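Asker: Take a look at the following structure, please.
The values are calculated or read from the model by the stated rules, or taken from the named source; none is laboratory data. Here the structure is a predicted model, which is why all the values come from computation and not from measurement. FYI the Cβ positions are ideal-geometry reconstructions off the backbone, even for glycines, and counts take in every protein chain you see. For the accessible areas, the whole protein counts, side chains as well, though only heavy atoms, and no ligand, DNA or RNA atoms are used. Shrake-Rupley method; radii C 1.70, N 1.55, O 1.52, S 1.80 Å.
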Amino acid sequence: MTTPLVEVKNIKKYFPIKKSLFGKSTSYVKAVDDVSFAINKGETLGLVGESGCGKSTTGRLLMNLLEATDGKIYFEGNEITSLSENEIRKARKDFQMIFQDPYASLNPRMTVKDIINEPLIIHGFDKASRMKRVKELLEVVGLNAYHAERYPHQFSGGQRQRIGIARALAVNPKLIIADEPVSALDVSIQSQILNLLKDLQDRFDLTYLFIAHDLSVVEHISDRVGVMYLGKIVELADKRELYKNPQHPYTRSLLSAVPLPDPTVKRERIILKGDIPSPANPPSGCTFHTRCPLATEICKQEIPQLRQNNEGHYVSCHLV
Ligand code: SF4
């Protein structure tokens, strides 16, 4: 059996929100609460859920931008959760991030050349190879070498996201964590960026964790999809299996909002009651019970475990 490129084991991230008289934290936002998954080399794992479900925090934990409260993350079999600052900096060569907002994630005072140069300088590339690499990367992402001297405000949203992708690719990473990379873009541009990411994956043998709030975006690019709700993965399966045979009531409600390719076919929309509860005060038992149309008494008392009920199809629900 091959070792997955990334393994996340029982990872937790609790943010303290309240302190006692003696400065000890007494209350926490459980942003990520006991999440486990693996990503194989060359695969794209989509991570989906409403805003505040913990998907972006999971991405930042993988990038080591946040310190985990508990649990471990392995990259190519080596634990990366307990590395020193210096070791993290070196290890980050292998995993890079593409951010949601192409307007906010690029420094407006830096030229495109300097933006792409930044990771190259950190990882010790000399000046001549940096110049060559910047030109190469701009062409790889569908821009031109003459764009190198321009500033971010001189580009459209889609072009800026291409610059962000070029920056992420600069040091030849193995894993890219794409945090809602197309959410801020027009629909027509979204598919161009998704196609670019797919082409780059084939060309450079990349592995992706693709984070989105929209199941229709994730369908296009993912091999497997994990659905998160209030800091936990509630369903994880092969993409085709998940879209054909969703098991968790939350996944079913998310899927019911995805338009079908055939406009004459109507899907019954499942509207959830209420808002997503606060992760600082999550409901008892199954945290989805306050909104679940199928909830029973046991759901309020017992936390369902994420169990495999079909080959590679994991669900956390007492009724499945
Ligand atoms: Fe709904 Fe109960 Fe299943 Fe949770 S465990 S998803 S509340 S049926």
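Asker: Which angle from 0 to 90°, rounded to the nearest 10, does the C-alpha axis of helix 187-204 make with the longest principal axis of the chain?
Answerer: In the chain, helix 187-204 runs at an angle near 70 degrees to the longest axis.
Asker: Shifting gears a bit: How would you rank 300-307, 39-46, 221-228, highest first, on the average number of other Cβ atoms within 10 Å across their residues?
Answerer: Most protected by this proxy first, the peptides run 221-228, 39-46, 300-307.
Asker: For the range 105-173, take every pair of Cα atoms, bin their distances at 5 Å starting from 0, and report each bin as a whole percent.
Answerer: Pair shares across the bins are 4, 20, 35, 26, 13, 3, 0.
Asker: Send over the Kirkwood Rh of the range 123-229, from the inverse of the averaged 1/r over different Cα pairs, rounded to one decimal Å.
Answerer: Computed over the range 123-229, the radius equals 14.8 Å.
Asker: Take the Cα atoms of the range 94-145, build their convex hull, and give its volume per residue in Å³.
Answerer: 98
Asker: Related question: On the Cα set of the range 199-238, report Rg and Dmax in Å, please.
Answerer: Just the Cα atoms of the range 199-238 yield Rg and Dmax of 11.6, 36 Å.
Asker: Okay, next question. Translational D (Stokes-Einstein, µm²/s) of the chain at 4 °C and 1.567 mPa s when Rh comes from the Kirkwood sum over C-alpha pairs?
Answerer: The calculation lands on 62 µm²/s.
Asker: Another one. Please give the contour-minus-distance gain from residue 131 to residue 191: 0.36 nm per residue of separation, less the Cα-Cα distance, rounded to one decimal in nm.
Answerer: In short, 18.6 nm is gained.
Asker: Subtracting the Cα-Cα distance from 0.36 nm times the residue separation, let me have the gained length for residue 154 to residue 38 in nm, one decimal.
Answerer: Gain on stretching residue 154 to residue 38: 37.8 nm.
Asker: Do you know the relative contact order of the range 1-136, to the nearest whole percent, from alpha carbon pairs under 8 angstrom that are 6+ apart?
Answerer: Once normalised by length, the contact order is 23 percent.
Asker: Can you pull the Rg over Rh of the range 147-287, Cα-only, Kirkwood?
Answerer: Expressed as Rg/Rh, it is 1.02.
Asker: I've got another one for you. Based on DSSP, what percent of beta bridges with both residues in the chain are antiparallel, to the nearest 5?
Answerer: 60
Asker: Compute the semi-axes of the equivalent ellipsoid of the range 1-94, taking the square root of 5 times each eigenvalue of the Cα gyration tensor, and list them largest first in whole Å.
Answerer: Ellipsoid half-lengths, sorted descending, are 26, 17, 11 Å.
Asker: Hey, how many Å between the Cα centroid of the range 213-243 and the Cα centroid of the range 260-297?
Answerer: Using only Cα atoms, the two centres lie 15 Å from each other.
Asker: While we're looking at this one, here's another question. With a/c under 1.5 counting as rounded, go ahead and sort the range 26-77 into rounded, prolate or oblate using the C-alpha gyration tensor (a ≥ b ≥ c being the square roots of the eigenvalues; past the cut-off, prolate if a/b is larger than b/c, else oblate).
Answerer: Oblate shape, in that a/c is at least 1.5 and b/c is the bigger or equal ratio.
Asker: Can you give me the relative contact order of the chain as a percent, contacts being Cα pairs under 8 Å and 6 or more apart?
Answerer: 20
Asker: What is the angle, in °, between the Cα long axis of helix 112-122 and the longest principal axis of the Cα atoms in the chain? Nearest 10 is fine, range 0 to 90.
Answerer: Once rounded, one gets 80 degrees.
Asker: Moving on to the next point. Compute the helix-to-body angle for 127-140: its Cα long axis versus the longest principal axis of the chain, expressed 0 to 90° and rounded to tens.
Answerer: 60
Asker: While we're on this one: Calculate the length of the line joining the C-alpha centroid of the range 7-80 to that of the range 95-117, in whole Å.
Answerer: Cα centroid of the range 7-80 versus Cα centroid of the range 95-117: 24 Å apart.
Asker: Turning to a different aspect of this structure: By the scheme Lys and Arg +1, Asp and Glu -1, what is the net charge of all other residues having a beta-carbon under 12 Å from that of residue 48?
Answerer: Spelling it out: positives minus negatives among the neighbours equals -2.
Asker: Highest first, please rank the peptides 113-124, 58-69, 259-270 by the mean number of other Cβ atoms sitting within 10 Å of their residues.
Answerer: The peptides rank, most packed first, as 58-69, 113-124, 259-270.
Asker: Averaged across orientations, what area in nm² does the convex hull of the alpha carbons in the range 229-320 project?
Answerer: Result: 6.4 nm².
Asker: Per-residue ellipticity at 222 nm for the chain, helices alone: DSSP H runs ≥ 4 residues times -39500 (n - 2.57), over residue total, nearest 500 deg cm²/dmol?
Answerer: -9000 deg cm²/dmol
Asker: Please give me, ordered by residue number, the chymotrypsin sites (Phe, Trp or Tyr not before Pro) of the range 89-124 that lie in loop per DSSP and have at most 16 other Cβ atoms within 10 Å.
Answerer: Answer in residue order: 103.
Asker: A further question follows. Provide 271, 11 ordered by accessible surface of protein heavy atoms (probe 1.4 Å), highest first.
Answerer: 271, 11
Asker: Do you know the relative contact order of the range 128-177, to the nearest whole percent, from alpha carbon pairs under 8 angstrom that are 6+ apart?
Answerer: Relative CO of the range 128-177 lands at 37 percent.
Asker: To continue, here is another question. Among 293, 213, 306, pick out the residue whose Cα is farthest towards the positive end of the charge dipole of the chain, where Lys and Arg carry +1 and Asp and Glu carry -1 on C-beta, about the Cα centre.
Answerer: My answer, from the dipole projection, is 213.
Asker: Something else: How big is the dipole moment of the chain about its Cα centre under a simple scheme where the beta carbon of each Lys and Arg is +1, that of each Asp and Glu is -1, and everything else is neutral? Debye, nearest 20, please.
Answerer: Dipole about the Cα centre, nearest 20: 600 debye.
Asker: Return the carbon/sulfur percentage of the accessible area of the chain, one whole number, probe 1.4 Å, all protein chains in place.
Answerer: In the chain, the share of accessible area belonging to carbon and sulfur is 49 percent.
Asker: Follow-up question, since we're still on this one. In the range 161-177, which residues have a backbone nitrogen under 11 Å from the label point lying 7 Å from residue 65's Cα in the Cα-to-Cβ direction?
Answerer: Once the point is set 7 Å along Cα→Cβ of residue 65, 177 turn out to lie under 11 Å by backbone N, inside the range 161-177.
Asker: Calculate, in nm to one decimal, what residue 240 and residue 146 gain on full extension: separation in residues at 0.36 nm each, minus their alpha carbon distance.
Answerer: 29.6 nm
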